[in-house]
1. Suppose the chain between Val163 and Leu260 were pulled fully straight at 0.36 nm per residue; how much longer would it get relative to their current alpha carbon spacing?
2. Using a Förster distance of 35 Å, how high is the FRET efficiency between Ile136 and Ala52, based on the Cβ-Cβ distance and rounded to 0.05?
3. Give, in nm to one decimal, the length gained when the segment between Ala296 and Val80 is fully stretched (0.36 nm per residue of separation minus the Cα-Cα distance).
4. So if each residue of separation counts as 0.36 nm, and I subtract the Cα-Cα distance between Phe62 and Lys185, what length gain in nm does that give?
5. Give me a comma-separated list of calculated 3J(HN,Hα) values for region 276-281, in order, Karplus coefficients 6.51, -1.76, 1.60 applied at θ = phi - 60°, integers in Hz, x for any Gly or Pro.
6. Over the heavy atoms of Arg108, what accessible area does a 1.4 Å probe trace out, to the nearest 10 Å²?
7. For Val64, list long-range residues whose amide hydrogen, built 1.01 Å from N in the peptide plane, is under 5 Å from its own amide hydrogen.
8. Using a 10 Å cut-off on Cβ atoms, rank the peptides 250-262, 170-182 from the highest mean neighbour count down.
Amino acid sequence: MWLVLAFLSATLLGFYDVAKKQALRDSPVIPVLTLNTFFCSLIFLPLVVFSAAGVIGEESLFYVPVCGWAVHKYIVLKAVIVLASWLCGYFAMKNLPLTLVGPINATRPVMVMFGAIVVFGERLNVYQWTGVILAIVGYYLLRRSGKKEGIDFRRNRWIVLAVLGAVFGAVSALYDKFLLAPVGKGGVGLDRMAVQSYFMFYQFLMLVTFWMTTHRHQTHPRPLQDPPQTRAFPRSILWIFLVSLFLSAADFVYFYALSLPEALISVVSMIRRGSVLVSFGVGALIFHEKNLWSKALDLVLLLLSMVFLYLGSR
């Protein structure tokens with residue numbers, strides 16, 4: 001069951017990346033990210049209210065429990081980690097080809113795998129190790145593809161931000177496992193809906209505070225700030241809403257998969273990065289990006305790695 005959920009989450013994440021790229025084409029990063037968290041909060045707000053009022057019962061998959069600070073302190077940290085990942089990732093997505101950012105994001109599972117082995121004591125079988133090795137080779141070849149587009153992985157600041165986004169994303173995945181794992185297995189045992197619902201609210205508050213503070217004290221454009229694009233911004237509203245919708249659905253399925261006791265975070269994280277196949281296909285068909293054949297070889301290796309991970313987890 002958790003494998004099916006992981007693959008479904010990967011598909012939804014692929015469409016999320018496509019919508020995110022479209023939203024960022026004509027709009028600044030911070031407003032897009034702020035509206036994204038706002039729409040996500042609106043999606044979960046009725047669930048929080050109806051759960052507190054007793055309309056949604058505890059037996060429902062959509063029930064959000066009322067929690068005290070003992071729980072919320074963990075969720076606040078989750079919001080900080082994810083926001084750091086998103087800030088880095090959104091700036092990278094805006095300034096780099098989708099067919100390059102997607103595979104860079106796919107490096108997260110390798111980091112998660114090593115973290116899962118060290119922190120949670122997870123063990124991989126031969127099929128799973130084969131999948132991981134294929135993925136690592138694919139990531140190495142990706143650097144070669146980037147050079148063909150004149151992108152130096154060591155000196156390009158957008159590449160640096162993309163890598164930092166992937167690192168923070170890996171930390172977030174490991175922290176998710178810690179939050180959702182039972183106390184008897186080294187986790188905190190938090191409710192999955194509480195984590196997904198409340199961390200969106202905290203992110204929105206953090207972004208609004210950041211946005212208001214930077215605009216109030218800013219006297220000249222910062223290096224990472226986007227130029228004014230107010231005329232194009234309204235056209236992005238629909239895409240931003242789709243970003244929120246796909247993200248909320250993908251995370252709902254993801255948290256549900258992690259809540260199952262037999263789920264392996266290293267495998268779930270690797271499968272979720274299969275979203276790159278969706279974003280790559282759209283980047284080729286709609287955005288007409290370059291060096292597709294070279295990048296396609298990298299993606300074939302990533303796809304094979306997913307197959308071996310699936311075989312090793314049956």
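The values are calculated or read from the model by the stated rules, or taken from the named source; none is laboratory data. This one's a predicted model, so the numbers in the text were calculated from it and none came from an experiment. Methodologically, a virtual Cβ is constructed for each residue, glycine included, from the backbone with ideal geometry; neighbour enumeration extends over all protein chains shown. Ligands, DNA and RNA are stripped out before the accessible areas are found, and what is left, the full protein with its side chains, is counted by its heavy atoms. Shrake-Rupley method; radii C 1.70, N 1.55, O 1.52, S 1.80 Å.
1. Contour length minus the Cα-Cα distance gives 32.0 nm.
2. Approximately 0.15, to the nearest 0.05.
3. Working it through step by step, the gained length comes to 74.3 nm.
4. On the way: separation 123, 0.36 × 123 = 44.28 nm, distance 2.46 nm.
Stretched fully, the Phe62-Lys185 segment lengthens by 41.8 nm.
5. 4, 5, 5, 5, 5, x
6. For Arg108, solvent-accessible area is about 50 Å².
7. Ser51
8. 170-182, 250-262
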